[in-house]
Amino acid sequence: MRVLVMLYSVVCYFVFFGVFLYLIAFVGDIFAPKTVSSAVTMDASSALIINIGLMLLWGIQHTVMARSGFKQAIVKVVPQHTERSTYVLLSSVILIIMMYYWQPMEGTVWQVQDLLAQQVLWVVFGLGWGLVLLSTFLTNHFDLFGLRQGWLHLQKQSYTSVVFTERLFYSSIRHPMMLGLLIAFWAAPVMTMGHLVFSLGMSFYIVVGIYFEEKGLTETIGAQYTEYQQRTSKVIPKIY
């Protein structure tokens with residue numbers, strides 16, 4: 001049984017990692033059969049309604065399942081040591097649904113013509129995704145995606161919470177992962193209308209998600225996190 005739990009954690013992790021790689025291609029409109037800027041197949045108003053609905057589905061699932069109240073409820077259905085992996089798996093499934101049913105939209109907001117500027121934006125795009133991935137390792141990558149929980153269970157060890165630390169980016173901003181996503185969503189040599197809707201919707205979710213995440217961290221960590229909030233920025237150093 002413990003081996004099966006570990007196997008489940010590994011499978012959930014690699015599903016996530018595959019979806020994460022596809023998301024990069026989806027947002028960048030590269031190397032993927034379906035992207036945020038693929039060929040338009042329906043009128044703009046219908047596409048907008050569908051896309052908003054897809055982003056709401058993602059936002060609700062991602063936010064609700066991350067709350068402590070939901071976590072306490074779901075462990076009555078699934079074992080506690082698989083709760084995080086289950087969250088990662090369902091988040092990946094919802095993201096697959098969003099990308100599969102996403103409706104590209106007619107129109108181009110901007111298109112950078114200068115070759116050097118295009119190359120700079122592609123570098124920034126890659127740095128954004130790199131910041132997202134690096135930020136997960138600055139906390140605890142394997143705990144964040146459920147592998148540590150499965151491993152501890154396999155080793156017959158009780159789960160212990162990850163100790164809050166301030167490494168590298170976290171010494172000046174509290175959400176470098178979110179900063180990386182914002183950079184990746186907006187660093188586009190070609191910004192189509194569909195890409196704009198995606199970037200706006202996901203940016204709005206990031207703002208909302210940060211609010212709920214900080215509320216939860218304040219309740220969990222307490223005074224240490226409150227003091228951390230007072231001397232750091234949320235996303236952009238010295239600004240937000």
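Laboratory data are not the source of any read-out in this text; all were calculated from the coordinates shown. Model, not experiment: these values are computed from the prediction. All Cβ positions, glycine included, derive from the backbone under ideal geometry; neighbour counts span all protein chains shown.
Relative protection proxy for 145-156, 120-131, 103-114, from highest mean packing down: 145-156, 120-131, 103-114 (other beta-carbon atoms within 10 angstrom).
Scattering from segment 111-156 was approximated by placing one identical point on each alpha carbon and applying the Debye formula without solvent; log10 I(q)/I(0) at 0.28 1/Å stands at -0.92. Long hydrophobic helices in the chain, taken as whole DSSP H segments with a C-alpha length of 18 Å or more on their own axis and mean Kyte-Doolittle hydropathy at least 0.0: 2-28, 44-64, 83-101, 115-139, 193-221.
For the chain, the alpha-carbon radius of gyration amounts to 1.08 times the rule-of-thumb value 2.2 N^0.38 Å expected for a compact globular protein.
Ordering 38-44, 206-212 by mean Cβ neighbour count within 10 Å, with the highest value first, yields 206-212, 38-44.
The distance from the alpha carbon centre of segment 1-64 to that of segment 144-223 is 16 Å, rounded to a whole number. When the helices of the chain are scored as -39500 (n - 2.57) per DSSP H run of n ≥ 4 and the total is divided over every residue, the value at 222 nm lands at -22000 deg cm²/dmol.
Would you please give the FRET efficiency between residue 3 and residue 226, computed as 1/(1 + (r/R0)^6) with r the Cβ-Cβ distance and R0 = 35 Å, to the nearest 0.05? Approximately 0.25, to the nearest 0.05.
Just want to confirm a number: the relative contact order over the chain, from Cα pairs under 8 angstrom separated by 6+ residues, in percent. Please list the in-between numbers first.
Details: 277 pairs, mean separation 65.8, N = 240.
Across the chain, relative contact order equals 27 percent.
Modelled label positions at residue 137 and residue 72, each set 7 Å beyond Cα in the direction of Cβ, lie 3.7 nm from each other.
Solvent-free Debye calculation, one equal scatterer per alpha-carbon of segment 125-240: log10 I(q)/I(0) at 0.12, 0.14, 0.23 Å⁻¹ equals -0.52, -0.69, -1.36. Between residue 108 and residue 63, the C-beta separation translates, for a Förster distance of 22 Å, into a calculated FRET efficiency of about 0.10.
Reachable lysines from residue 71, Cα under 29 Å, same-chain residues fewer than 8 places away excluded? Partners within reach: 156, 215, 234. For residue 117 and residue 90, FRET efficiency with R0 = 35 Å and r from the beta-carbon atoms, rounded to 0.05? That gives a FRET efficiency of 0.35.
When only the Cβ of Lys, Arg, Asp and Glu is charged (+1, +1, -1, -1), the dipole of segment 2-230 relative to its Cα centre reaches about 800 debye.
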